[in-house]
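Worksheet: one structure, shown below.
The values are calculated or read from the model by the stated rules, or taken from the named source; none is laboratory data. In this text, all values refer to a predicted model and were calculated from it rather than measured experimentally. In this analysis, Cβ positions are derived from the backbone assuming ideal geometry, glycine residues included, and neighbour counts consider all displayed protein chains. Surface areas here come from the heavy atoms of the whole protein model, side chains and all, with no ligands, DNA or RNA. Shrake-Rupley method; radii C 1.70, N 1.55, O 1.52, S 1.80 Å.
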Amino acid sequence: MDGRIYAFLLSAPVLGALLVLPSVARAADAVGAEPVNPQVVEPRVERRDVKVARIDTENFEAGAFVGTVSIEDFGSSFLYGVRGAYHFTEDVFAEASVGSSKAGTTSYEDLSGSAQLLTNSERQYTYYDLAIGWNALPGEVFLGGTRAMPSALYLTLGAGNTHFAGDDNFTVTLGTGFRLLVTDWLAAYVDARDRAFDSDLLGKSKLTQNLQFSLGLTAFF
């Protein structure tokens, strides 16, 4: 009886070793085996055609404008003129402009009925000036989500001469405007300017403010 117990106790470790050896062998094979490459997912990115902006590389532009000018004490009148510009950089440009209008009558002339402060020729309002401009807020305007047109909100500061009531007056000009490149060579403008000069036409010298609003088209060349 004791011999059988001893035999059982001696055979138990042998059986345990035999059961453990296959698991150890499989673990060793797993450690030494090369890793299996995972499935590579190839991205499918749809490429879209991008149209590069075709903007004229020339720095000169010239065109014409129409609008209205409020000549102080003489009401608002139709205005027309021409402008030209040279772009030094993308942000800075110089501009020259010439405009003309014809002043209306003052409230005094309207109330008196016959009194005329100016002759017809003296009512001619003509100016020319030079200005420096800065594209303060360049950007783009999108139409329909597929077309982008370059644009800029700009500021100008200039000086020149205004011929009115038979006199030539030194004039300082402040302005702002919005420019939109409709095509690669054509630009559209919305512009506002204040032309200030001293005048003693009504018997007392004062600084007059003459506000101008205009729409214009220019071509690059």
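Structure notes:
Yes/no matrix, rows are residues, columns are (1) among the aromatic types (Phe, Trp, Tyr); (2) without any contact (Cβ under 8 Å) to a residue 24 or more places away in the chain; (3) surrounded by 15 or more Cβ atoms within 10 Å (Cβ to Cβ):
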site: Ser151; (1), (2), (3): no, no, yes
site: Ala159; (1), (2), (3): no, no, no
site: Asp168; (1), (2), (3): no, yes, no
site: Gln209; (1), (2), (3): no, no, no
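- Within region 162-184, the residues that satisfy the criterion of being within 30 Å of Phe142 (Cβ to Cβ) and in contact with a Lys or Arg (Cβ under 9 Å, 6 or more places away or on another chain) are Gly175, Thr176, Gly177, Thr183, Asp184.
- Ala219 being over 16 Å from Gly99 (Cα atoms) and out of contact with any Pro (no Cβ under 7 Å at 6 or more places or on another chain): yes
- Counting only residues that are under 22 Å from Asp110 (Cα atoms), open to solvent by 20 Å² or more (accessible area, probe 1.4 Å), of a type outside the set (Phe, Trp, Tyr) and in a strand (DSSP E or B), region 61-89 holds 4 of them.
- Of all residues making up region 187-202, the number that are open to solvent by 40 Å² or more (accessible area, probe 1.4 Å) and either over 19 Å from Tyr125 (Cα atoms) or in contact (Cβ under 8 Å) with a residue 40 or more places away in the chain (or both): 3
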